[in-house]
Amino acid sequence: MENYGNNIECIKALRVNVQLYEDITLNNKPNFRYYFPETPELNGKNIVNIKFNAGANIIDQVSVYGSTAIDLPNTIISENSKGVVQQPAGPDVTFGGIDIDKYLLLTVYNEKNQQVLSNYPCHDLAGYFRDESGFFVIDSLGKIRPFDFKINIRNSFVSTTSDISLLTVLPPIACFTFYYK
Amino acid sequence: MKPIKNSYLIEVNLGSTVPGAGANLTFQDYPQLRNIYVTGVEVLDSSTCAISPSGRTVVSVLSGITLTLIDKFNQEQLKQYPAVDLNPEVRSGFYRDFVPFPLQLTKSFITILSTASLSANQSILLNIFYVNEAEAKTTLRPRLK
């Protein structure tokens with residue numbers, strides 16, 4: 001991880017999914033909060049990285065989840081396997097060419113119920129970056145975002161900005177991988 | 001890149017008419033960002049966050065925008081820093097981190113150097129990475145000397 005500028009080593013990784021909405025009529029409502037499911041393994045853990053799992057070619061993630069979900073090459077796990085619980089990468093969040101990670105924001109609370117991440121853009125956690133010619137790539141070197149805080153997953157949530165009305169695939173799932181120690 | 005302790009997304013709206021070249025847009029007061037030490041800044045365009053939390057369209061081009069950050073001693077810590085250089089998406093995913101300094105957000109501002117590709121009511125998003133004052137005095141003390 002030192003190559004990435006993060007000098008905090010994780011020992012475990014855990015993937016957590018958040019279902020965004022069940023009713024298609026809700027998909028254009030801004031600032032809805034979608035809370036993480038109860039994940040006691042993460043409470044109080046020191047989070048060193050959060051990865052928003054995204055890809056480019058999977059449309060119906062319901063059918064691919066757990067079966068052909070792509071494995072992202074740029075995770076801490078691939079570079080730091082010692083003592084790390086390896087998890088498969090999550091399903092895609094791209095629906096019909098619309099990258100909903102540009103419409104998702106992550107808010108995280110710490111164990112003291114203080115906001116540590118407020119409206120953090122999920123796209124910034126996805127590893128998508130433009131190359132010199134302007135094309136989006138998943139950076140092979142894995143420019144992860146290093147964090148350092150203890151999380152209270154119960155109070156943390158994903159919110160949507162408005163204008164995601166083009167998303168019609170149900171149920172959309174936002175998939176995060178938390179790296180912690 | 002140093003690990004991020006806290007982050008806060010702030011927004012500057014261009015207003016109902018696009019400001020002219022050379023205009024300075026100050027930030028509104030965010031109570032959460034009083035008495036903090038800035039450790040890094042991202043400036044985001046619509047490729048990273050298409051719609052702001054308040055529902056405004058985010059600018060698509062940052063090349064005509066600069067950022068000036070003032071510390072609590074009224075000194076310019078960043079002066080006319082090109083916003084495009086603070087966009088991690090075009091910098092191979094890296095964000096710029098700074099030697100922490102106490103930010104005075106309400107005196108800091110964005111300067112519009114070129115109005116090309118900017119439209120009325122669009123917003124500029126900044127993701128501020130910070131530590132609070134108490135934390136800065138303990139964990140960051142070696143860096144502050």
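The values are calculated or read from the model by the stated rules, or taken from the named source; none is laboratory data. What you are looking at is a predicted structure, and each value in this text was computed from that prediction instead of being measured. We place every Cβ from the backbone using ideal geometry, glycine too, and count neighbours over all the protein chains shown.
Tally time: how many residues in the range B:91-115 are β-branched (Val, Ile, Thr) and surrounded by 19 or more Cβ atoms within 10 Å (Cβ to Cβ)?
3
Could you check B:LEU62 against (1) more than 8 Å from every other protein chain (Cβ to nearest Cβ); (2) farther than 17 Å from A:PRO121 by Cβ; (3) in contact (Cβ under 8 Å) with a residue 24 or more places away in the chain and say which number it fails?
If we test B:LEU62 against (1) more than 8 Å from every other protein chain (Cβ to nearest Cβ); (2) farther than 17 Å from A:PRO121 by Cβ; (3) in contact (Cβ under 8 Å) with a residue 24 or more places away in the chain, just (2) comes out false.
For residues that are within 14 Å of chain A (Cβ to nearest Cβ), touching a Leu at 6+ places or on another chain (Cβ under 9 Å) and free of Cβ contacts under 8 Å to residues at least 60 places away in the same chain, tally how many sit in the range B:86-107.
Summing the residues that are within 14 Å of chain A (Cβ to nearest Cβ), touching a Leu at 6+ places or on another chain (Cβ under 9 Å) and free of Cβ contacts under 8 Å to residues at least 60 places away in the same chain in the range B:86-107 gives 8.
Listed here are the residues, each with its yes/no results for (1) touching a Leu at 6+ places or on another chain (Cβ under 7 Å); (2) at pLDDT below 50; (3) farther than 13 Å from A:PHE176 by Cα.
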| residue | (1), (2), (3) |
| --- | --- |
| A:GLY5 | no, yes, yes |
| A:CYS10 | no, no, yes |
| A:VAL16 | no, no, no |
| A:THR25 | no, no, yes |
| A:ASN28 | no, no, yes |
| A:ARG33 | no, no, yes |
| A:ASN43 | no, no, yes |
| A:ASP60 | no, yes, yes |
| A:SER67 | no, yes, yes |
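Show me the strands (runs of 3 or more DSSP E) found entirely inside the range A:109-181 where at least 1 residues are modelled with pLDDT of 90 or more and on the phi < 0 side of the Ramachandran plot.
By residue number, A:115-121, A:146-160.
Can you name the residue in the range B:11-43 that is touching a helix residue (DSSP H, G or I) at 6+ places or on another chain (Cβ under 7 Å) and surrounded by 16 or more Cβ atoms within 10 Å (Cβ to Cβ) and, of all such residues, is nearest to the other protein chains (Cβ to nearest Cβ)?
Residue satisfying both the conditions and the ranking: B:GLU42.
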